[in-house]
Amino acid sequence: MITRFAPSPTGPLHLGHAYSALMAHDMALEHGGTFLLRIEDIDQSRSRPEWETQIYDDLRWLGLSWPDPVLRQSERLPAYREKLDWLWNNDHAFACSCSRRDIEAAVAAPQEGAQPEFGPDGLIYPGTCRDVRAFAGCECPPENTALRLDIRAAIDVAIPRVAEDRIYSFHETGSGPNGETGRVEFTAEDAVKDIGDIVLARKDMGTSYHLSVVMDDAAQNITHVVRGQDLFEATKIHVILQRLLGLPTPTYHHHGLIRDDAGKRLAKRDDARALSKFRADGASPADIRAIVGL
Ligand code: GLU
């Protein structure tokens, strides 16, 4: 068993991160496996070296250890680019110049006042640039332009049209927000409707969370992904990409979210719940385990 904790160094780790990291660590150790740490720093505009240092410090303080070297996503950009080239050359990706505002306008246009549909990656893309296929003749995808997955093309490759049941699935050992557990299934048609053409590479990043996480989980041979339920729906995107790219699908273990006293989920900006704050107030790692219920 290989598990991982994959924080982004964009703020302090809080109790929710501690919960994920401890659970992934304990699970690996119980099975004689390995716990890995990965730094998800593709968003260079928000990532800071001091947050990365603080992550190492907080996790060591919690009693966790992991093998070196730690994989940092910012060092993997050429690998992501290679896969994007492949997706581009196989016509699974298209260039998208829509701003958020363009998307909002296009989504609202057919029926004035209609509620836009949201998927695991935000507003479901209305398809504006899909048929335009800008830069289509180019051998490489354009840089400094967002790339989106053509989900209709992607599912046809992953699951041939002749297949009786065009079904994707993954194994969940924790639970989704609605109690989903065991074999979780969704159809290719649901994916088109509920997920749509997600962003594969952001204009300013040259990749996206979804592409990077899927490639890195495979590159690191992760067998069990432990993370919060807020990423449960995103797992469907990950399964689609794994099928398309010929990568294995790990087992997923989504856990409940640690909430603040008002029931709101913790965010990086909630410094009151930062581990460093608990440390400064004299809490011990055992206190943290007790607070998160481990
Ligand atoms: N980097 C993501 C985060 O900090 C976690 C990704 C994952 O566990 O799949 O929220």
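Every read-out reported here was derived from the displayed coordinates using simple, explicitly stated rules and does not represent laboratory data. Since we're looking at a predicted model, the values are computed, not measured. Virtual Cβ from ideal backbone geometry, glycine too; neighbours counted across all protein chains shown.
What is the P(r) of segment 1-132, as percent of Cα-Cα pairs per 5 Å bin from 0?
In whole percents, the pair-distance histogram is 2, 9, 13, 14, 13, 13, 12, 11, 8, 4, 1, 0.
Please give the charge dipole size of segment 1-101, origin at the Cα centre, charges +1 on K and R Cβ atoms and -1 on D and E Cβ atoms. Round to the nearest 20 debye.
Working: 11 positive and 14 negative charges, 72 e Å.
Roughly 340 debye, rounded to the nearest 20.
State, to one decimal in nm, how far the label point of M1 lies from the label point of K193, with both points 7 Å from Cα in the Cβ direction.
Placing both labels 7 Å along Cα→Cβ, they lie 3.7 nm apart.
Please give the contour-minus-distance gain from S99 to S74: 0.36 nm per residue of separation, less the Cα-Cα distance, rounded to one decimal in nm. List each step's numbers first, then the result.
Numbers: separation 25, 0.36 × 25 = 9.00 nm, distance 2.46 nm.
Extra length available between S99 and S74 comes to 6.5 nm.
On the Cα set of segment 6-72, report Rg and Dmax in Å, please.
So, for segment 6-72, Rg and Dmax equal 11.8, 38 Å respectively.
Can you compute log10 of I(q)/I(0) for segment 68-148 with the Debye formula, treating each Cα as one identical point scatterer, at q = 0.12, 0.16, 0.24, 0.27 Å⁻¹?
Ignoring solvent entirely, the Cα scatterers give -0.47, -0.74, -1.13, -1.25.
Of the options S45, G137, P248, report the single residue whose Cα projects farthest towards the positive end of the charge dipole of the chain (beta-carbon charges: Lys, Arg +1; Asp, Glu -1).
S45
What's the local net charge at I195, with K and R +1, D and E -1, over the other residues with C-beta under 10 Å away? Present the calculation step by step, with values, prior to reporting the outcome.
Values: positive: K193, K236; negative: D121, D190, D194, D197, E233.
So the environment of I195 carries a net charge of -3.
To the nearest 20 Debye, how big is the dipole of segment 175-294 about its Cα centre, given +1 on the beta carbon of each Lys and Arg and -1 on that of each Asp and Glu?
For segment 175-294, the charge dipole is close to 280 debye.
Using square roots of five times the C-alpha gyration tensor eigenvalues, list the equivalent-ellipsoid semi-axes of the chain in whole Å, biggest first.
Here the semi-axes work out to 34, 21, 20 Å.
Which whole-number percent gives the relative contact order of the chain, counting Cα pairs below 8 Å spaced six or more residues apart?
Value for the chain: 25 percent.
Only four residue types carry charge here, +1 at the Cβ of Lys and Arg and -1 at the Cβ of Asp and Glu. Report the dipole size of the chain about the Cα centre in Debye, rounded to the nearest 20.
320
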